[in-house]
Amino acid sequence: MKFPKVILLWLSLVLLTACTQVQPAVAPAGRGANQELVVFAAASLTEAFDELGTQYRAAHPDGKITFNYAGSQQLAQQLTGGAPADVFASANQKQMQVAVDGGRIAPDTARPFAHNRLVVILPADNPAGISTLVDLAKPGVKLVLADAAVPVGQYSLDFLTKTAALPEYTATFSQTVLANVVSYEDNVRAVLTKVQLGEADAGIVYTSDITGAARDNVVRLEIPDVLNVVATYPIAAVSDSTKPELAAEFVDLVLSPAGQQVLETYGFIPISSQ
Amino acid sequence: MDSSLSVRNKRSSAARTEDGERRATRRPPARRHGWRLTAAATPLLVLLTLPLLALGLRMDFSTLWRNLSSPVVMQALTLSLTTGSIATFSVVVLGTPLAYLLARRSFRGRVVVDTLVDLPMVLPPAVAGVGLLLVFGRRGLLGPALDVMGIQIVFTPIAVILAQIFVSAPFFVTAAAAGFAEVDQELEHAAALDGATPWGVFRNVTAALAWPALVGGAVMTWARALGEFGATIIFAGNFPGRTQTMPLAIYLGFERDLEIAVTLAFILVVVSFLVLVVVKWLLRQRFVVQ
């Protein structure tokens, strides 16, 4: 049968694409040379893991490490959907469990590696004049939270619920604050950006999110320990990883004193101190 | 209106006879390519249909009604339909002069204007979202002025509509400009000589003849507005009933409850399909009946 040239060209392109897809799997495994380690990590870990990535690269001059940062719920869904990955670092146990249920993480292999706390943030010029947590219930305050599907969004709701137990907050405090919410963002960094841009009067993020430029652009309003929710971050190697040694090595790096030091620098609470 | 109808009648009957002649003389050889043409056309059709089919298969129709009446679904559906329609109406009103300008005038920088109109079609919608935020946000270019007037845009349905206009306008403007350019200028001159005002010429001759292109463009704009996601989530945020449109509800539903996401996606597919079919049918009626 005769095919037009353009079809032959297209077919060869398809074949070429297919070959490049297959190549990593047939490449000789071992020694870690030219192997790409793929780490799925919660959006809040961005800066800390970027630095850990630099350390990893220093130890593996031939190896590559790639991070995929997003809301943990999104990463868990991607893993369940079969996305290729070697390590998963989640912002809560629930999303780690989603990946376990999805068959990508072996049960009981996840290890806690960091804690994080919530903090209320305001734009530097504080347009709504908020000075205490009670002010969050003032009418007209534009509050931005993460969606309840995102770990930090659920923690934020937990914090508001906890206020009911304290005498200085009225019974309707939590409801009044929720009435001020103008948007439930898709991940914690989107909350930070909306506050940094001054579009929102207040937002709730992790203390570790306030890094880099955000330090100058937002004001922190601390949430006392009784109300605060301490988030625990678990990490695990993906069970079907094609380079388990490298994956284990990265997990060890995160848990090592050096790794914990980096996490602390970026506002996380090291696992040993809790 | 009468004159517009008569012009349209003349035009469509002329088109019809032309069409008929063409069909009589150069009838497409129906079987010449046989199965080979069908086989070559099938793969893309399968690729386009399969995901939609999978949605239908994954749908739990026993819970459809319950999901349909759930507030999340109803709010998202209502919001999407209203904002999408307002955005389309705005694009038609504001886009028609721009399309006419592009079709009729040659001026310095026309290529630039033409390209600017096309640009939102190729840009990632996230770019639109960030750009809109930097214009209409509280600290944006127009933010302080809007604030003085007490106008809030970000986090409101207005932001949803603006995002939809930005990404969907090119579909109408390009279609309308092409439609206007097709209209014979002789007819416009003739009507003007007969004493029609410029507005009358435009309404009863140009717009009347370019009508199918205008409707087609408006429908594409509406469909694109309905599907808008990236710019909306950045610029308008996500709040059920206020800024959470169907695509946002599907996206967040996917992370929370796949059933809801599938239901919403299925409804969006069905609604879009029905609208496109009805419009195509109406356009054909218009020509066949007259």
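The values are calculated or read from the model by the stated rules, or taken from the named source; none is laboratory data. Model, not experiment: these values are computed from the prediction. Please note: Cβ atoms are built from the backbone with ideal geometry, for glycine as well, and neighbour counts cover all protein chains shown. For accessibility, only protein heavy atoms count, side chains too; no ligands or nucleic acids. Shrake-Rupley method; radii C 1.70, N 1.55, O 1.52, S 1.80 Å.
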Item to check | As computed over chain A, the Cα convex hull volume per residue (Å³) | outcome: 179 Å³
Item to check | For A:ASP147, solvent-accessible area (1.4 Å; no DNA, RNA or ligand), Å² | outcome: 10 Å²
Checklist entry - Among the residues of the stretch A:170-216, which ones have their accessible area go down by 50 Å² or more when all the protein chains sit together, as opposed to their chain alone (1.4 Å probe)? => result A:VAL182, A:TYR184, A:ASP186, A:LYS194, A:LEU197, A:GLU199
Checklist outcome for this item: Chains A and B: accessible area buried, summed over both chains, 1.4 Å probe, nearest 100 Å², reads 2000 Å²
Item to check | Whole-Hz ³J(HN,Hα) from phi, Karplus 6.51 cos²θ - 1.76 cosθ + 1.60, for the stretch B:50-63, glycine and proline x | outcome: 4, x, 5, 4, 4, 4, x, 5, 6, 5, 9, 5, 5, 9
Checklist entry - How do the peptides B:149-155, B:242-248, B:128-134 rank, highest first, by the average count of neighbouring beta carbon atoms within 10 Å per residue? => result B:242-248, B:128-134, B:149-155
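If Rh is defined by the Kirkwood formula over all Cα pairs and Rg also comes from Cα, what ratio Rg/Rh do you get for the stretch B:178-280?
Radius of gyration over Kirkwood radius for the stretch B:178-280 works out to 1.24.
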Item to check | Rounded, prolate or oblate (a/c below 1.5 giving rounded, otherwise prolate when a/b exceeds b/c) for the stretch B:31-136 by Cα gyration tensor | outcome: oblate
Checklist entry - Hey, in the GNM for chain B with a 10 angstrom Cα cutoff, which one of B:ASP60, B:ASP114, B:ASP194 fluctuates hardest? => result B:ASP194
Checklist entry - If you roll a 1.4 Å probe over the protein assembly as shown with all protein chains in place, what percent of the accessible area is carbon or sulfur? => result 65 percent
Checklist outcome for this item: Among residues of the stretch B:239-266, a drop of 20 Å² or more in 1.4 Å probe accessible area, assembly relative to the chain on its own, occurs for B:PHE239, B:ARG242, B:TYR251, B:LEU252, B:PHE254, B:GLU255, B:ARG256
Item to check | Probe 1.4 Å, accessible area per residue of chain A, Å² | outcome: 45 Å²
Checklist outcome for this item: For A:VAL219, the residues 5 or more places away or on another chain with a placed amide H closer than 5 Å to its own amide H are A:LEU122, A:ALA124
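Compute the accessible area per residue over the stretch B:82-289, keeping the other protein chains in place, probe 1.4 Å, unit Å².
Each residue of the stretch B:82-289 exposes 49 Å² on average to a 1.4 Å probe.
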Next on the checklist: If the elastic network links every pair of Cα atoms under 10 Å, which of A:ALA106, A:ALA165, A:ALA48 fluctuates the most in the Gaussian network model of chain A?
Outcome noted: A:ALA165
Checklist outcome for this item: With Cα coordinates, the longest principal axis of chain A makes an angle with the long axis of helix A:151-162, in degrees rounded to 10, of 20 degrees
Checklist entry - For the stretch A:129-251, what class follows from the C-alpha gyration tensor (a ≥ b ≥ c being the square roots of its eigenvalues): rounded when a/c is under 1.5, otherwise prolate if a/b is larger than b/c, else oblate? => result prolate
Checklist entry - Across bins of 5 angstrom width beginning at 0, how are the C-alpha pair distances of the stretch B:82-289 distributed, in whole percent? => result 1, 7, 12, 15, 17, 15, 12, 9, 6, 3, 1, 0, 0
Checklist entry - Nearest 0.05, what FRET efficiency do A:LYS5 and A:LYS64 give at R0 = 51 Å with Cβ-Cβ as r? => result 0.85
Item to check | Residues A:LEU166 and B:LEU50, FRET efficiency given R0 of 51 Å [Cβ-Cβ distance, rounded to 0.05] | outcome: 0.40
Item to check | Computed E for A:GLN93/B:ARG58 - FRET, C-beta separation, R0 41 angstrom, nearest 0.05 | outcome: 0.90
